[in-house]
Amino acid sequence: MSIIDRAKSLVGGGGDDSFRYQCTSCMEIFESEEAHMGKVACPQCGDRNVRDFA
Ligand SMILES: [Zn+2]
């Protein structure tokens, strides 16, 4: 892979790699690139009780 392709994948990135979650404490809906729910914390209140939001 050329360095240009790498730069494109870093900057352009389709957005398909993000997952949507909802905080069960404050009901904030947010997106994260983290696929493992256990590692995701709510950006609003910091709570780790989040669920998949389809
Ligand atoms: Zn929250």
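The values are calculated or read from the model by the stated rules, or taken from the named source; none is laboratory data. Note that this is a predicted model, so its numbers are computed, not measured. Ideal geometry is used to build each Cβ from the backbone, glycine not excepted, and the neighbour counts take in all protein chains shown.
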Just name the residue that is farthest from the ligand (Cβ to nearest atom) out of those in segment 2-22 that are modelled with pLDDT of 80 or more and among the charged types (D, E, K, R). ASP17
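Take the residues of segment 28-47 that are assigned to a loop (DSSP other than H, G, I, E, B) and near the ligand (Cβ under 9 Å from one of its atoms): which is surrounded by the most Cβ atoms within 10 Å (Cβ to Cβ)? Walk me through it before giving the result.
Taking segment 28-47 as the starting set, the residues that turn out to be assigned to a loop (DSSP other than H, G, I, E, B) are 28, 33-36, 40-47.
This time we only want the ones that are near the ligand (Cβ under 9 Å from one of its atoms), so: 28, 41-47.
Values: GLU28: 16, ALA41: 17, CYS42: 21, PRO43: 12, GLN44: 13, CYS45: 13, GLY46: 10, ASP47: 13.
In this case the residue turns out to be CYS42.
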Scan segment 26-49 residue by residue and report those that are of a type in the set (D, E, K, R) and more than 9 Å from the chain's Cα centre (by Cα). GLU28, LYS39, ASP47, ARG48
Could you check SER25 against (1) surrounded by 12 or more Cβ atoms within 10 Å (Cβ to Cβ); (2) more than 10 Å from the ligand (Cβ to nearest atom) and say which number it fails? (2)
